[in-house]
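Beneath this line is the structure, given in structure tokens, with notes to follow.
Readers should treat all values here as calculations from the given coordinates under stated rules, not as data from a laboratory. As the structure is a computational prediction, the values presented were derived from the model and not from experiment. Cβ: placed from backbone, ideal geometry, glycine included. Neighbour counts: every protein chain shown.
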């Protein structure tokens, strides 16, 4: 028998998507897994759907609890899991049939790694057919690469930053997660992975596209408010960074300023503008001295932040010109 994988799925009012998620798990070519379904106080038919799969397959287990949010549900799942390896899947998403197979194979080939990560793809429909074959190539990454991945935004390849932030495209060794619960915060995945990455012996990044996350409709106002609060939460993550690692601080500081500058732009003349401005002032008061004194932040990045944090109108003009230029280049290329 192979190593056991415990799949933890928080469930809260996702009846429209849940069967698709659970069917994708039943279709796994790697059979040595169990599933911990955590019903986080759902009020729709999600609990009944969970019971249906528990009765269908003995590898599924249902844990019922009062509503406590995503972090609480994931922690409850971990406390009920007995696998050697742990993965977290959101119940409104789905995975490729070979997900566990290729991730476990990567662990076999790279036994010193504590995490295997594959790629996730955002889709805007309820379902997209996964590719028949998976790219098995990948890259071995050390601790510094992981911290950099969390905080460094690389323009056209910025989707890579999302891959490092989220937990749902990863398979973790269970022992790595012991004593590291999910905290109740705005961006629990960053909070969690920032702690876990620093304990790890490395990660293998598979090029395989194994996870499909469905972009569900949400109000623009809710999305803007969440983005602003996510930046505000950075002050809580700061104390996880080693005090003597100036490079980690450099990556962190530029990312937090880049994000708040963007948040101010998108909330301009919107109901969220007061929240964005208050968050900017709080962030700036906490980090401005260290940002100024950090020797490893490139001068180009310091110039960007100092210019646009003090002149948000100029940033709006430059941003809009950049969008128009990108659109024009795209039209020219299509000709």
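With Cα atoms defining each centre, segment 296-310 and segment 237-253 are spaced 18 Å apart in the structure. In whole Å, how far is the Cα centre of segment 75-120 from that of segment 172-194? Computed from Cα coordinates, the inter-centre distance equals 14 Å.
Sorting the segments 78-88, 53-63 by their mean number of nearby beta carbons within 10 angstrom, highest to lowest, gives 78-88, 53-63. Annotation: peptides 256-264, 39-47, ranked by per-residue average of other Cβ atoms within 10 Å with the highest first, follow the order 256-264, 39-47. From largest to smallest, the equivalent ellipsoid semi-axes obtained for segment 45-137 from the alpha-carbon gyration tensor read 26, 19, 14 Å.
What do you get for the angle between helix 273-293 and the principal long axis of the chain? Use alpha-carbon atoms, 0 to 90 degrees, nearest ten. With both axes taken from Cα atoms, the answer is about 80 degrees. Any idea what angle helix 299-310 forms with the longest principal axis of the chain, computed on alpha-carbon atoms, 0 to 90 degrees, nearest 10? With both axes taken from Cα atoms, the answer is about 80 degrees. Taking a ≥ b ≥ c as the square roots of the Cα gyration tensor eigenvalues, segment 220-334 comes out oblate, since a/c reaches at least 1.5 and a/b does not exceed b/c. At the listed q of 0.08, 0.17, 0.18, 0.21 Å⁻¹, the Debye profile of segment 150-306, built from one uniform point per Cα, gives log10 I(q)/I(0) equal to -0.26, -1.18, -1.30, -1.57. For segment 312-335 versus segment 23-59, the inter-centroid distance based on Cα atoms is 46 Å. Give the Kirkwood hydrodynamic radius (Å, one decimal) of segment 58-208, defined as one over the mean of 1/r across all pairs of different Cα atoms. That comes to 16.4 Å for segment 58-208. When peptides 188-196, 322-330 are ranked by their average number of other Cβ atoms within 10 Å per residue, the highest-first order is 188-196, 322-330. For the chain, the longest principal axis of the Cα atoms and the long axis of helix 46-56 meet at an angle of about 40 degrees. Taking a ≥ b ≥ c as the square roots of the eigenvalues of the Cα gyration tensor, segment 156-202 is oblate, since a/c reaches 1.5 or more and a/b is not larger than b/c. Listing 37, 296, 241 from fewest to most neighbouring C-beta atoms within 10 Å gives 296, 241, 37.
If you sort the three axes of the alpha carbon gyration tensor as a ≥ b ≥ c, you get a/c of 1.5 or more for the chain and a/b above b/c, which makes it prolate.
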